[in-house]
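Structure first, commentary second.
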Amino acid sequence: MAWWGDADETRVLIAPDHDTNGNGSGNVLSLRHPKTGNKACYLYFDEELLELHWFKQSYGSWFLGDYVCEDGRLYTATPVDPVFILLPIFDEARMKKKDDPGKFRQLDEILYVQGYEGYQQLASIAEKSMQIVCDFKEVGSAKFFRLNDSKVLRWLSYK
């Protein structure tokens, strides 16, 4: 079971304020952390990706109206650039060998990561955001992507 545990529990979450015109629901996704490769939790809400963190003191509670949240955990959701999260899987997908720049692959192939179904929900933002660091070709209605090292370095120096 993931650390967010039982969905019926009341939680205290500090997150960016979103426009009230949205549908008001987001998805908690398990994705690989780009640095460690370990499973990490993210909130995908209105085409924005937020990284979830939690903090718990030894003793503490939250008073929420007439309700007491006894465990005292505090969750935060901070915006993260999806390019950072997607770089490692785009790097693996191109199958680069020495001087060969690698292969062009379709987005749905790249976003299929066994054990991490959450990547497939990022298809819409992946297509938009990864054009910054990828070469892409259109064949008919299909788009093919390949990570470009020089574009990645330019993007990283900009960040």
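Here, each number is a calculation from the coordinates, and none is a lab measurement. Values in this document were obtained by computation on a predicted structure and should not be read as measured data. All Cβ positions, even for glycine, are placed from backbone atoms using ideal geometry, and neighbour counts span all protein chains on display.
Ordering SER30, LEU107, GLY118 by Cα displacement along the dipole of the chain toward the positive end leaves LEU107 in first place; charges were set at the Cβ atoms of Lys, Arg (+1) and Asp, Glu (-1). Hydrodynamic estimate: the Kirkwood radius of the range 15-143 over Cα pairs, inserted into Stokes-Einstein at 25 °C and 0.890 mPa s, corresponds to D of 144 µm²/s. In terms of its Cα atoms, the range 12-79 spans 35, 35, 14 Å along the principal axes, sorted from long to short. If you line up the long axis of helix 82-93 against the longest principal axis of the chain, both from Cα atoms, how many degrees apart are they, to the nearest 10? Relative to the chain, helix 82-93 is tipped by roughly 50 degrees. The alpha carbons of the range 82-157 stretch over 31, 30, 22 Å along the principal axes, in descending order. The count of lysine pairs in the chain that are at least 8 places apart or cross chains, and whose C-alpha atoms lie under 22 Å apart, stands at 22. Quick check: the angle from helix 149-158's long axis to the longest principal axis of the chain, C-alpha only, nearest 10 degrees? So the inclination is approximately 40 degrees.
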